[in-house]
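Read through the structure below, which is laid out as structure tokens, and then see the notes.
Derivation of every value follows stated rules applied to the coordinates shown; laboratory data play no part. As the structure is a computational prediction, the values presented were derived from the model and not from experiment. So basically every Cβ, Gly included, is an ideal-geometry build from the backbone, and we count neighbours across all protein chains shown.
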Amino acid sequence: MRRKVIAGNWKMNMLPNEAIDYIQAFEPMVKNAKSEVILCVPYTDLFYCISIAQGTNIKIGAQNMHFAESGAYTGEVSPKMLKSIGVEYVIIGHSERRQYYNETDETVNKKIKSAFENDLKPIVCVGETLEEREQGKTEEIITSQTRLALEGLSKEQVKNTIIAYEPIWAIGTGKTATSEDANNSIKSIREEIKKLYGEEVSSEVIIQYGGSVKASNAKELFETSDIDGGLVGGASLKPEEFSKIVNYEE
Ligand code: 13P
């Protein structure tokens, strides 16, 4: 039985003092959670969040990284730097990075390999645009993004990759995919992984849904056969709201 993994993506929000207040308020609300809880926070909050979350069940992740370990890449942050301060997870290939910062399937693949080399666990985002969906290309797009992202990884690495299916039209729009639609898309990603890496890997890999997840729709989404939790943007910015998503079973 796969575990549920529920991650917050704060995106470009929260100053360090706000992050500290958040975690202090959030920790008692989720300390008995059955799901794994991750907060993916801005670089400037990482160190504070890791310090304050130490010894709790809250894991901390970054939202991006460079694929190189060091070098002349002004303004970038390397996997080695993240690891050195105790980061455990890193989001790779979020649609906002694909859209605004030239992230491609190729850089996503390089970053995933580099994350594993540096002992970081990648949360890899895939998802179709509204136009692609309307053209009936959803399955083609998300299976191809998955295939290219995972190219060259070992079975063990694929098993330890978290995939987040985030339809772009559902991000920050209040429009959630129906649980049936989201579950079917996730099934097609799992099927692709089965074709490439076999039944054992595909039945174990964690695949989340992301896109306007809220306290009011989390349970319905997470109780489907193939959705293993969520990657939550807006609704992760308030500890009360996010704790309800984490504790969706109650
Ligand atoms: P929202 O939950 O705000 O729609 O964002 C989803 C997302 O992009 C998480 O990575």
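Computed with the Debye formula from one identical point scatterer per Cα of the chain, without solvent, the log10 of I(q)/I(0) at q = 0.07, 0.10, 0.11 Å⁻¹ comes to -0.21, -0.43, -0.53. The residues packed around S35, meaning those with a beta-carbon under 10 Å from its beta-carbon, carry a net charge of 0 if Lys and Arg are +1 and Asp and Glu are -1. Taking 7 Å steps out from each Cα toward its Cβ at K194 and I20 produces label points 5.0 nm apart. Computing Rg and the Kirkwood Rh from the Cα coordinates of the range 68-212 gives a ratio, Rg/Rh, of 0.97.
Working note: Cα atoms of the range 109-159, range along each principal axis, descending, whole Å: 39, 16, 16.
Other residues with beta-carbon under 11 Å from the beta-carbon of Y48 carry, at +1 per Lys or Arg and -1 per Asp or Glu, a net charge of -3.
Remark: the range 1-56 is approximated by an ellipsoid whose semi-axes, taken from the C-alpha gyration tensor as √(5λ), come to 20, 13, 9 Å, largest first. Using the Cβ-Cβ distance between N102 and E139 with R0 set to 25 Å, the FRET efficiency works out to roughly 0.50. The charge dipole of the chain, taken about its Cα centre with unit charges on the Cβ atoms of Lys, Arg (+1), Asp and Glu (-1) only, comes to about 380 debye. Taking 0.36 nm per residue of sequence separation and removing the Cα-Cα distance, the T173/K110 pair yields an extension gain of 19.7 nm. Excluding same-chain neighbours fewer than eight residues apart, the lysines reachable from K244 by a Cα-Cα span under 27 Å are K4, K11, K31, K34, K59, K121, K175, K187, K214, K219. A simple packing score, the average count of other Cβ atoms within 10 Å per residue, orders the peptides 89-99, 189-199 as 89-99, 189-199, with the highest score first. The stretch between K219 and Y73 holds 48.3 nm of extra length on full extension. This uses 0.36 nm per residue minus the Cα-Cα distance. When only Cα pairs under 8 Å and 6 or more residues apart are kept, what is the percent relative contact order across the chain? The normalised contact order for the chain reaches 21 percent.
Three principal axis extents describe the C-alpha atoms of the range 140-248; from largest down they are 40, 25, 22 Å. Taking 0.36 nm per residue of separation and subtracting the current Cα-Cα distance, fully stretching the chain between S84 and N160 would add 25.3 nm.
Here's the list of aspartates and glutamates a cross-link from K83 could span, going by alpha-carbon distance under 17 Å and ignoring same-chain residues fewer than 8 apart: D45, E69, E117, D119. Taking every DSSP helix (H) stretch of at least 4 residues in the chain, weighting each as -39,500 (n - 2.57) and dividing the sum by the residue count yields a mean residue ellipticity at 222 nm of -13500 deg cm²/dmol.
What is the Cα convex hull volume of the range 1-102 when expressed per residue in Å³?
Taking the convex hull of the Cα positions in the range 1-102, it is 119 Å³ per residue.
Answer with one residue from N57, F26, Y209: the one whose Cα lies farthest towards the positive end of the charge dipole of the chain, charges on Cβ with Lys, Arg +1 and Asp, Glu -1. Going by the charge dipole, the pick is N57. Dividing the Cα radius of gyration of the range 54-96 by 2.2 N^0.38 Å, with N the residue count, gives 1.27. Highest mean packing first, where packing is the average number of other Cβ atoms within 10 Å per residue, the peptides 215-224, 152-161 line up as 215-224, 152-161.
Directionally averaged projected area (the range 118-197, Cα convex hull): 5.8 nm². Here the contact order of the range 1-136, divided by its residue count and restricted to Cα pairs under 8 Å and six or more residues apart, works out to 20 percent.
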